[in-house]
Structures are given as C-alpha cells and as structure tokens.
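Where a number appears in this text, it was derived from the coordinates with a stated rule and is not lab data. Keep in mind that what you see is a predicted model, and the values were worked out from it rather than measured. Cβ coordinates were reconstructed from backbone atoms using ideal geometry, including for glycine residues, and neighbour counts include every protein chain displayed.
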Amino acid sequence: MLATRLVAGGDRRLAPAGPSGRPKTGPSPVDRARPDSKHHVITDGHGTPLAITLTGGNRHDITQLPPLLDAATGSGAHGAAHATAPRQLFADRGHDFDKYRRRLRRRGIKPVITRRGVPHGSGLGTVRWDIRDDFHEAFLKLACCVITYRRVQALCQLL
C-alpha cells in the first residue's frame with residue numbers, strides 16, 4: 001500500500017519529486033527563502049496576455065524577456081514574425097539592463113523600462129502557497145484564457 005504523502009495538516013498531497021527537482025519553484029528573495037514562483041507575462045496595450053511563463057522565485061526577471069517576446073511576436077524558432085511587431089515595451093526595473101535595451105531597439109521596439117533605484121508602490125509580492133507547480137501554472141494559463149476571452153467578447157460586441 002502506498003503512503004498518501006500528505007502535508008502537515010493532512011489536506012493537501014505532496015507532489016512527487018522529479019529527477020531534476022522542482023524547476024518552477026525556488027527560494028523567494030523577498031519571503032525568507034520560502035519556495036516561490038514568478039509569473040512572467042507579456043501583454044498587448046489593452047492588457048490581453050500574449051505570452052506567459054512560470055519560473056522559480058529565484059530566477060531573474062530578465063531571463064524571460066527574450067523568450068516571452070519571441071513567443072508574443074512569433075519571431076522565435078517555432079513561428080514566423082507577425083506583420084505588426086510591438087512599437088514599445090513597458091517593463092519594471094527588473095528589466096533595467098542596457099544590453100536588453102539595445103536588443104529591443106535592434107528589433108525596432110522602444111524600451112520604456114523603469115530605472116533601478118526608483119521606488120515602486122506595492123512593496124513585497126504575495127508568495128503562493130500551492131505545492132504543485134503544475135496546478136499553479138494551469139490556473140495561471142486558465143486566468144489568461146479568461147482574460148483573453150473577455151477581451152475578445154468585448155471586441156465582438158463593438159462590431
């Protein structure tokens with residue numbers, strides 16, 4: 001008989017350990033190194049999600065900019081470039097690197113990135129409590145689908 005592997009409290013099941021650990025969680029830099037994840041999202045000017053990824057909380061934000069931009073524009077290895085590339089990219093100070101500003105300009109995209117040292121309003125982020133990163137990622141993608149559906153529905157009502 002297999003053990004149920006319940007978390008202390010008995011209401012949630014532990015995820016089985018994979019061969020490479022849990023790549024979509026990592027020690028949070030803002031919450032006493034508890035396991036955490038980051039949502040990386042690129043949207044259009046209306047807030048409609050174009051591409052998303054989920055990484056460990058210890059991954060730097062800038063690591064996901066190139067793959068997100070490629071996925072959003074279709075200019076990566078898996079697709080042809082869209083007819084309309086974004087004209088501007090707005091990002092927080094986690095993306096404040098001259099190297100990436102130059103890369104964006106080479107692609108014809110104006111970077112509008114907050115400089116490091118500028119205070120932000122919210123303070124610390126909220127740490128997720130889910131144990132299973134696959135469930136967390138599924139709900140993240142479902143939320144993006146709902147947002148996109150509502151945006152498309154609103155556009156159809158205008159026509």
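The amide H of Thr43, built 1.01 Å from its N in the peptide plane, has Leu50 as neighbours under 5 Å, considering only residues 5 or more places off or on other chains. Quote the FRET efficiency, to the nearest 0.05, computed for Phe97 versus Lys141 with a Förster distance R0 of 35 Å and r equal to the Cβ-Cβ distance. Calculated value: 0.80.
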